[in-house]
Amino acid sequence: MPTTLGKHTLGKADVKTDHDGATYRFMSEENKAMFLKEPAKYVPQYGGYCSNGIVYGIPWGGDPETWKIIGGKRYIFGGTSSKNYFLMDEKANSRWRTVIGRMKLKGHNAFIQRYKRPALRVPHYKTGKELEAQWQKQQAAK
């Protein structure tokens with residue numbers, strides 16, 4: 001995961017380490033050493049799920065090509081729109097605590113949560129159409 005290339009790059013099968021229940025592969029021993037020195041800097045937030053989905057309590061998969069470093073931490077998104085919507089909401093990063101609490105996603109049944117949340121919505125839930133309208137309005141104001 002640590003990269004100096006500024007993009008997601010597949011690691012080598014023989015340059016790897018386990019951390020917090022996940023296996024990480026690296027392009028080089030140097031990248032692996034960077035990770036081992038400061039794993040929190042490189043481990044994706046929210047267990048690698050789409051960060052915008054987590055804001056709404058929906059643990060959808062993330063796209064490793066769509067990410068951003070915010071405050072020294074890596075956030076992964078399900079796609080460009082999810083990334084844009086997350087970034088336009090100043091409270092998005094703090095809202096996940098009200099949805100997921102301090103619960104770790106490991107051991108949590110993400111499958112059930114993915115189907116439960118769209119029906120049992122969080123108070124700040126917005127549909128994709130509402131988020132897109134908000135995004136377009138924000139872009140027009142720039």
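The values are calculated or read from the model by the stated rules, or taken from the named source; none is laboratory data. As the structure is a computational prediction, the values presented were derived from the model and not from experiment. Neighbour counts run over all protein chains shown; Cβ positions are idealised from the backbone, glycine included. Please note that ligands, DNA and RNA were not included when accessible areas were found on the heavy atoms of the full protein model with its side chains. Shrake-Rupley method; radii C 1.70, N 1.55, O 1.52, S 1.80 Å.
Taking the conditions (1) in a strand (DSSP E or B); (2) crowded, with 19+ Cβ neighbours inside 10 Å in turn, E65 satisfies each one other than (2).
Beta carbons closer than 7 Å, at least 6 apart along the sequence or on distinct chains, pair a first residue in region 1-16 that is among the aliphatic types (A, V, I, L, M) and at pLDDT 70 or above with a second that is part of a loop (DSSP other than H, G, I, E, B) and open to solvent by less than 50 Å² (accessible area, probe 1.4 Å) for V15/S28. Criterion applied to I54, I76, I58, I69 was being of a type in the set (V, I, T) and farther than 26 Å from K129 by Cβ, and the one residue passing it is I69. Taking the criterion of being open to solvent by 60 Å² or more (accessible area, probe 1.4 Å), over 13 Å from the mean Cα position of the chain (by Cα) and within 22 Å of T80 (Cβ to Cβ), the residues of region 7-53 that qualify are K7, L10. Of the residues making up region 25-58, those that are in a loop (DSSP other than H, G, I, E, B) and either without any contact (Cβ under 8 Å) to a residue 60 or more places away in the chain or over 17 Å from K73 (Cα atoms) (or both) are M27, S28, E38, Y42, V43, C50, Y56, G57, I58.
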